[in-house]
Amino acid sequence: MRALLLVNFVLCVLLPFSATAQTTKSHGIAIHGEPGYPADFTHFNYVNPDAPKGGEIRLASEGTFDSFNPYIIKGVPGPGFTPESLLVASADEAASAYGLIAESLEWPEDRSWVIFTLRPEARWHDGVPITVEDVIFSWETIRNDAGPYVKNYYAILKNVEKVGDNQAKFTSGEPGNKEFPIRAGSLPILAKHYWEDRDFSKTTLEPPLGSGPYKITDFEAGRYVVQERVKDYWGKDLPVNKGQDNFDKIRTTYYHDDDVIKLAIKSGEIDYRNERSSSAWAQDYDVPAITKGWLKKESIPHKRPQGIQGFFYNTRRDIFKDPKVREAIGYVYDFDWSNKNLSFGLLTRTTNYFGNSELSSTGIPKGRELEILEKYRGKVPDNLFSEVFHVPTSDGNGWPRHNYRKAFELLAEAGWVVKDLKLVNEKTGEQMSFEMLVSSKGMERTILPFVTSLSKLGIDARIRLVDRSQYINRIRDFDYDIVIIKLSASITPGTEQRGFWTSETADKKGSGNFAGIKDPVVDELVEAIANADDREELVATVRALDRVLLWGYYVIPQFHTEDDRVLYWDKFSRPKMTPWRGTSTSYWWFDNDKEAALMASMAKNEQAQTSDSTNDNAPAIVETSGNNEPFFDPLIIDTFLNNFEKLGLNSKDMKDLFTFQIFADPEAFFKKDNWRPYALGISILIIGRWFIRRRRRNRGQI
């Protein structure tokens, strides 16, 4: 009896200590393995901890905005509202995160829950402390009012409760999921005392209360947003923030046309541009500002996974339900010709969904990947096991006969035949017809050769160009036949993949399942990814998913680049080290010495031009005045370009006018039969410039 009591006593005493011993408390966490930065780290390796604060950076965005809430399905969000989270990821690790609002976190071995201890110094911009109540409110608000994709992303969070004055406990809906603590730590934390009297589900142009390094101080809906650095930001000295957020002011100006943004960067109206067009990169920036070293043009390599950009079929449409039809149309897309003739050979063909990483499938399946796929034999194409997947290729000469022949064979097998030079359904007699939805003229230019090739097969393919707002709404409603989408890829995929590929999200408006995929095999593989026990299992399972998606022909892969192509005026500096995710202006800083040298060089150049009266040839780009202001304001040009068709003006000639090629050869320009409307355009621009200058002078901007 005494022995039994002794055993019971020992168990009662030791069991609590045993449970505690199975938990981990740390400053950070990794999905697999240990975080790379120790508890006493002072800053991330890819930043300059001594970077000076100050200056302004002027950015540009194409389109418009009508809301500051990016988490709901309504509206077109603008920049500026970026709530902080409990944890923040590092940019040089695959999947590690460290405390931001949380000073530490604790979790058990199975990661079924995680407790975050909040920093007592964390504050909202109005000085109110960030509390556990804010954390709980944020979870409830996202769960109830966020858009489908955001809801799905945080669906793994089963419950949040207060377990101490400054401790919040998250419970997982999927015990064993290694990603859960990081997913919980990424939840955007909202101010309860601000939002509880407002409707989070509605759009708003009232800048929401935040807690981060910047806040919105000025904006005009659809035109611009100004963010200014919070001088007394509570987290400015945290290791995760050192060397970042260095600009005093960030101004983002919206333009309706990407060509005007190019003009704006060349004229100095904006400071930084990430150029996505290879043709523009190759031929649009041969300007004096670059040759003189004022405007820098750099390709900065990165090692981040490429994800996939391509033509996404809407398989909810009957026309695209047959995989043979989808495969056939893919044979018509001639990437090699487009790359050679439109992009100067600067692009790399995308061949899978997780490119530029160990996650992409190669060759034929083997090892653990083959073991995973074997249980689906008979449910996936047999070719998947014996053939290497290849995207169609050509010699780049514009007439890939073998590809067209293969396309006709597949279409015939799917019940489509040619009659009277039209591809028609042999049962209904209806011609194959579909639209490709785009939101920019740059996309239109890329797609046009594809549409021309489709017409050679008797297909009635059309381009539907809409404005940015309509484009976003139509994508949210799945109101398209084919759409170009770029999906980024994580180096450590997890539960977010459900939002892209699973049956559950296929019919949820606003989800990321753009192709409308409903495949039980894909569903199971996505769940296996979310619950992978280690890195090796994760890699094998992602490769299996990649292969199944490729053989499903849901997307015609387009292309990618393996560097960031940036243009910036030479008044900024950046760290020597670039993280594998790529460069970011978050790590850059305003360099006063460089700005002084830039302004001196420009002033000297202007002086030389003034004194050189023998030069009769005006430059073919916008030259700037001493205060770095273009003669014609790109904002005026942007407004005029959006209305010039109402005057019956020709697009190409107006583009020539607005890039000021007219001044290089005025005699040739005025030989045009209809030059008078263009003279009217010049007059409007000059008058508009006068009004803009007066408005800016009144505001103290010049």
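The values are calculated or read from the model by the stated rules, or taken from the named source; none is laboratory data. Just so you know, these numbers come straight off a predicted model, no measurement behind them. Cβ atoms come from the backbone with ideal geometry, glycine included; neighbour counts cover every protein chain shown.
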Quiz item: Can you name every residue in the range 238-255 that is under 12 Å from residue 88 (Cβ atoms) and either polar (S, T, N, Q) or outside any loop (DSSP other than H, G, I, E, B) (or both)?
Solution: 241, 244
Practice problem: Collect the residues in the range 425-453 that are without any contact (Cβ under 8 Å) to a residue 24 or more places away in the chain and β-branched (Val, Ile, Thr), keeping them in residue-number order. | Solution: 428, 451, 452
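Restricted to the range 185-223, and to residues that are in contact with a Leu (Cβ under 6 Å, 6 or more places away or on another chain) and in a helix (DSSP H, G or I), which residue is nearest to residue 96 (Cα to Cα)?
185
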Practice problem: Inspect all residues belonging to the range 363-383 and state whether any of them is crowded, with 16+ Cβ neighbours inside 10 Å, in contact with a strand residue (DSSP E or B) (Cβ under 9 Å, 6 or more places away or on another chain) and under 30 Å from residue 531 (Cα atoms). | Solution: yes
Practice problem: Name the single residue, out of those in the range 267-313 being closer than 30 Å to residue 479 by Cα and assigned to a strand (DSSP E or B), that is farthest from the chain's Cα centre (by Cα). | Solution: 313
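Let's see how each residue does on (1) surrounded by 17 or more Cβ atoms within 10 Å (Cβ to Cβ); (2) within 18 Å of residue 326 (Cβ to Cβ):
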{"residue": "396", "(1), (2)": "no, no"}
{"residue": "405", "(1), (2)": "no, yes"}
{"residue": "418", "(1), (2)": "no, no"}
{"residue": "427", "(1), (2)": "no, no"}
{"residue": "436", "(1), (2)": "yes, yes"}
{"residue": "481", "(1), (2)": "yes, yes"}
Quiz item: Counting residues that are in contact with a Pro (Cβ under 8 Å, 6 or more places away or on another chain) and among the aliphatic types (A, V, I, L, M), which helices (runs of 4 or more DSSP H) fully inside the range 468-534 reach at least 1?
Solution: 520-530
Exercise. Would you kindly identify the strands (runs of 3 or more DSSP E) lying entirely within the range 17-80 that contain at least 3 residues that are modelled with pLDDT of 95 or more and out of contact with any helix residue (DSSP H, G or I) (no Cβ under 9 Å at 6 or more places or on another chain)?
Key: 23-26, 56-62
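Would you call residue 316 over 22 Å from the mean Cα position of the chain (by Cα), of a type outside the set (S, T, N, Q), modelled with pLDDT of 95 or more and in a loop (DSSP other than H, G, I, E, B)? It would help to see each step written out before you state the result.
Values: over 22 Å from the mean Cα position of the chain (by Cα): yes; of a type outside the set (S, T, N, Q): yes; modelled with pLDDT of 95 or more: yes; in a loop (DSSP other than H, G, I, E, B): yes.
When the stated conditions are applied, residue 316 passes them.
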Quiz item: Of the conditions (1) on the phi < 0 side of the Ramachandran plot; (2) modelled with pLDDT under 95, residue 345 fails just one. Which one is it?
Solution: (1)
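Only one residue in 539, 555 is β-branched (Val, Ile, Thr), in the same structural domain as residue 317 (by TED's automatic domain parsing) and more than 28 Å from residue 71 (Cα to Cα). Which one?
539
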Quiz prompt | Among the residues listed as 282, 264, the single one being within 15 Å of residue 58 (Cα to Cα), of a type in the set (Gly, Ala, Ser) and touching a Ser or Thr at 6+ places or on another chain (Cβ under 8 Å) | solution = 264
Quiz prompt | Tally of residues being in contact with an Asp or Glu (Cβ under 9 Å, 6 or more places away or on another chain) and buried (at least 19 other Cβ atoms within 10 Å of the Cβ) across the range 62-71 | solution = 3
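Which of the residues spanning the range 545-566 are touching a Pro at 6+ places or on another chain (Cβ under 7 Å) and either buried (at least 24 other Cβ atoms within 10 Å of the Cβ) or assigned to a loop (DSSP other than H, G, I, E, B) (or both)?
Residues satisfying the conditions are 547, 553, 562.
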Exercise. Restricting attention to the range 267-284, report how many residues are in contact with a Leu (Cβ under 7 Å, 6 or more places away or on another chain), more than 29 Å from residue 89 (Cβ to Cβ) and either surrounded by 19 or more Cβ atoms within 10 Å (Cβ to Cβ) or not hydrophobic (A, V, I, L, M, F, W, C) (or both).
Key: 2
Quiz prompt | Residue that is nearest to the chain's Cα centre (by Cα), among those in the range 113-145 that are in contact (Cβ under 8 Å) with a residue 12 or more places away in the chain, in a loop (DSSP other than H, G, I, E, B) and surrounded by fewer than 17 Cβ atoms within 10 Å (Cβ to Cβ) | solution = 126
Practice problem: Of the conditions (1) farther than 17 Å from residue 537 by Cα; (2) surrounded by fewer than 16 Cβ atoms within 10 Å (Cβ to Cβ), residue 322 clears all except one; give me its number. | Solution: (2)
Practice problem: State which residue is surrounded by the most Cβ atoms within 10 Å (Cβ to Cβ) when the search covers only the range 331-354 and only residues that are farther than 29 Å from residue 284 by Cβ and within 25 Å of the chain's Cα centre (by Cα). | Solution: 353
Quiz prompt | Looking only at the range 458-467, and only at residues there that are modelled with pLDDT of 95 or more and assigned to a loop (DSSP other than H, G, I, E, B), the one that is nearest to residue 561 (Cα to Cα) | solution = 459
Quiz prompt | Of all residues making up the range 146-180, the number that are under 24 Å from the mean Cα position of the chain (by Cα) and in contact (Cβ under 8 Å) with a residue 12 or more places away in the chain | solution = 12
Exercise. Just one of (1) of a type in the set (Val, Ile, Thr); (2) part of a strand (DSSP E or B); (3) out of contact with any Gly (no Cβ under 9 Å at 6 or more places or on another chain) trips up residue 226, so point out which.
Key: (3)
